[in-house]
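First comes the structure, then the notes that go with it.
A short reminder: the numbers here are calculations on the coordinates, not readings from a lab. Quick caveat, the model's predicted, so the values are computed rather than measured. Don't worry about glycine lacking a Cβ; one is built from the backbone with ideal geometry, like all the others, and counts go over all protein chains shown.
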Amino acid sequence: MNSRAAEQRKHELKVGLTIFVGLGILIAAIFSIGHQRGLLEDRYKLYVFMARVNGLQTGAPVRLAGVRVGTIVNIQFARDVKDQAIRVDMEIDKKVQARIRADSEAHIGTLGLLGDKYIGISMGSFDKPMLKNGELLKSSNPIDVEKLLTEGMNIFNRLEKTTGTIQEIADKINTGKGTLGLLVNDPRMYINIDKLLLLVESLSLKIESGEGSLARIFQDSTLYVNLNSLAHNSSLLADSLRRGQGTVGKFIRDPRVFDDFVTSLDRLNRMTAKLESGEGALGQALNNRKLYDDLLHVTAELDSLIKDIRRNPQRYLKVEIF
């Protein structure tokens, strides 16, 4: 009986010792994990606003220059429905608070191939104020991967269509279709181009040897001298016009000449208007049909009288002697 009780007590001691060791290991693990994740360290809170979070979740790490310094504790939409921003609250180890300044900036990063998201924070400048508990941290919106994929697919589709078009053009060239196909495949095109090159070469030789009018243009200095003289004379003419020499120069430079010219044009316009309205004798002559007809009739009778005098001068020239 005593032997059995001693054995039972020994068994209970073993079980108790095992449980104690297990609890010790569990506590050590909790402390270790808590130390690694900063659960047992002093923390302070910061928050950021972002237009989208791209799958970021509560509990994701916060990294400062790549080093884990905190955890995301809450993700929620802004209270105002009109505000489309998303608020992300973070708890960060207080020991790195001095490194996060007003010019620090938060962004969403990706971990590994699985695409786990995290918040990355850049180091701040020490001449900027340190962010305190509950303050806003600047942020940059993440790249919209879905939009990039869509644009990439559109670009790929356009490249595919372009490739098809290029292949179609290449097939036409290979089969000798179209101008370019004939240029590549038709030997007559090569012969014509070869003749053209020979003609150009022959023309170049003639120009170099001084044959023909074109060669004279290139080799005779007379044309250059004449052109140079023309340019010089044009320059002199422009200078004289700028100085107001000559009639044209005075017309350009002297405002009185221009004013007199304008006055003369104005007078001519007024005189033309009077003639068109029939004012004055000349205006009546131009516009009065009856006066024109009478003048025409008198002219005709005077012409008839002159002709009659030439035919019968004795009728009008009578000499009487007393």
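Some points to look at:
- Label separation (H232 vs T18): 12.2 nm, computed from points 7 Å beyond Cα along the C-beta direction.
- Take the Cα of L111, step 7 Å toward its Cβ, do the same at E7, and the gap between the two points is 5.2 nm.
- Hits among lysines - C-alpha to C-alpha of K128 under 17 Å, sequence gap 8 or more where chains match: K138
- FRET efficiency estimate (nearest 0.05) - Cβ-Cβ, S240 to I306, R0 51 angstrom: 0.35
- Counting all C-alpha pairs of segment 42-143, share separated by more than 22 Å (%): 24
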